[in-house]
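Derivation of every value follows stated rules applied to the coordinates shown; laboratory data play no part. These figures come from a predicted structure and were not determined experimentally. Reconstructed Cβ throughout: ideal geometry from the backbone, glycine too, with neighbour counts over all protein chains shown.
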Amino acid sequence: MLLTNHAKERIAKRLAKKRKIYKIYSTLFSFLKNSIRIEVEDTILFTDGNKTLVATKLDGELLDLGDIVKRVKDIEESYECVFWDKKIAKITKPIKFLQEIPPGKYYFYINKEKKVLYIGTHEPLLALTFRPAKRWERALFYFS
């Protein structure tokens, strides 16, 4: 899962209390572990009964790690890199980041304008906002 700037700010304000990228993702991983997933059309909601993360699917490609390395080898700038399976998130050069990832097939998404990279066995998601849960989300959480 990648975060919009708005979602990062909301998570930092409501959960993490710090603006460091690893703190934001760490608290996000903890939140997702204790929440339920609700799919409403093209929107995906994750709620714990009190707060809700609103996300949407991104168009990721399923590629071998070798193909991913070929695609990012010419990038010299630092990117926000996320490896979802091991819950790693850091700002670094993509080729250096890929050295920490074991061989295999992964979903891959890169946005060169926003300088973000996602790798994981699950389809990539983009978190749009993090807000208080609505009444129906609270009821759904407590009855599930």
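Restrict the check to the stretch 10-22 and report whether at least one residue is in contact (Cβ under 8 Å) with a residue 12 or more places away in the chain, under 22 Å from LEU140 (Cα atoms) and among the charged types (D, E, K, R). Yes, the stretch 10-22 contains a residue that is in contact (Cβ under 8 Å) with a residue 12 or more places away in the chain, under 22 Å from LEU140 (Cα atoms) and among the charged types (D, E, K, R).
Conditions tested, residue by residue: (1) among the aliphatic types (A, V, I, L, M); (2) closer than 21 Å to PRO94 by Cβ; (3) under 13 Å from the mean Cα position of the chain (by Cα).
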site	(1), (2), (3)
THR4	no, yes, yes
ASP42	no, no, no
GLY49	no, no, no
LEU63	yes, yes, no
GLU77	no, yes, no
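Being at negative phi, touching a Phe, Trp or Tyr at 6+ places or on another chain (Cβ under 7 Å) and not polar (S, T, N, Q) is the filter here, so list the residues in the stretch 2-49 that pass it. Spell out how you get there, then give the answer.
Keep residues of the stretch 2-49 that are at negative phi, which gives 2-16, 18-40, 42-48.
From what is left, the residues that are touching a Phe, Trp or Tyr at 6+ places or on another chain (Cβ under 7 Å) are 2, 7, 10-11, 14-15, 32, 35-37, 47-48.
Across the stretch 2-49, the qualifying residues are LEU2, ALA7, ARG10, ILE11, ARG14, LEU15, LEU32, ILE36, ARG37, ASP48.
Of all residues in the stretch 68-109, those satisfying the criterion of being over 24 Å from ILE36 (Cα atoms), among the charged types (D, E, K, R) and in contact (Cβ under 8 Å) with a residue 24 or more places away in the chain are ARG71, GLU77, GLU80, LYS90, LYS105. Within the stretch 120-137, one or more residues are assigned to a helix (DSSP H, G or I) and surrounded by 12 or more Cβ atoms within 10 Å (Cβ to Cβ).
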